[in-house]
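Below is one structure, written out as structure tokens; the observations come after it.
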Amino acid sequence: MKAKKHTRGPGKKKGQIRIIGGKWRGRKLSVVTQHGVRPSSDRVRETLFNWLSPRLDRATSLDLYAGTGALGFEALSRGGQHTTFLDIDRKVIDTLQNHVEMLGAKNNATILERDALE
């Protein structure tokens, strides 16, 4: 008997995540497809931000090991004032910069190419 192939749900595309709440809800962000970059799931982000929602208005956040930037962009989408994204990988940094431009978040985001442990 053949093993059943795992299929993605409807609307799920490899290499994209979506912002799940706030002013950018439903916007899709590309994901750098490489070893070590794995976006947090919608369910994890939804739970986290439902818990944090009373504290997000005009908040400043730090997205260490930013990868997709999902957590930082979700915070901004839900009313955060500013997010600083840190990552060591140049491809990730370039992708984050593209997302900031696409979302019109230049005044609300800082992107640093650094090792978060240094």
(request) Please list the non-local residues whose amide H lies under 5 Å from the amide H of S61, H modeled 1.01 Å from N, same-chain partners needing a gap of 5 or more. (result) H82, T83, T84
(request) For the stretch 25-118, calculate the relative contact order in percent as a whole number, restricting contacts to Cα pairs under 8 Å that are 6 or more residues apart. (result) 27
(request) Taking the Cα centre of the stretch 64-118 as origin, sum charge times position over the Cβ atoms of Lys and Arg (+1) and Asp and Glu (-1), and report the length of that vector in debye to the nearest 20. (result) 200
(request) Starting from the amide H of I111, placed 1.01 Å from N in the peptide plane, find each other amide H under 5 Å away whose residue is 5 or more places distant or on another chain. (result) F85
(message) Explain nothing, just compute: Karplus ³J(HN,Hα) = 6.51 cos²θ - 1.76 cosθ + 1.60, θ = phi - 60°, for every residue of the stretch 86-103 in order, whole Hz, x for Gly and Pro.
(response) 10, 7, 9, 8, 4, 4, 5, 4, 4, 5, 4, 4, 4, 5, 4, 5, 4, 8
(message) Tell me whether the stretch 34-97 comes out rounded, prolate or oblate; compute the Cα gyration tensor, take square roots of the eigenvalues as a ≥ b ≥ c, and use a/c under 1.5 as the rounded threshold.
(response) oblate
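The numbers here are math on the coordinates, done by the rules we state, and not lab data. Since the structure is predicted, the reported quantities are computational estimates derived from the model, not experimental observations. A quick note on method: Cβ atoms are made from the backbone with ideal geometry, for glycine too, and the neighbour counts reach across all protein chains shown.
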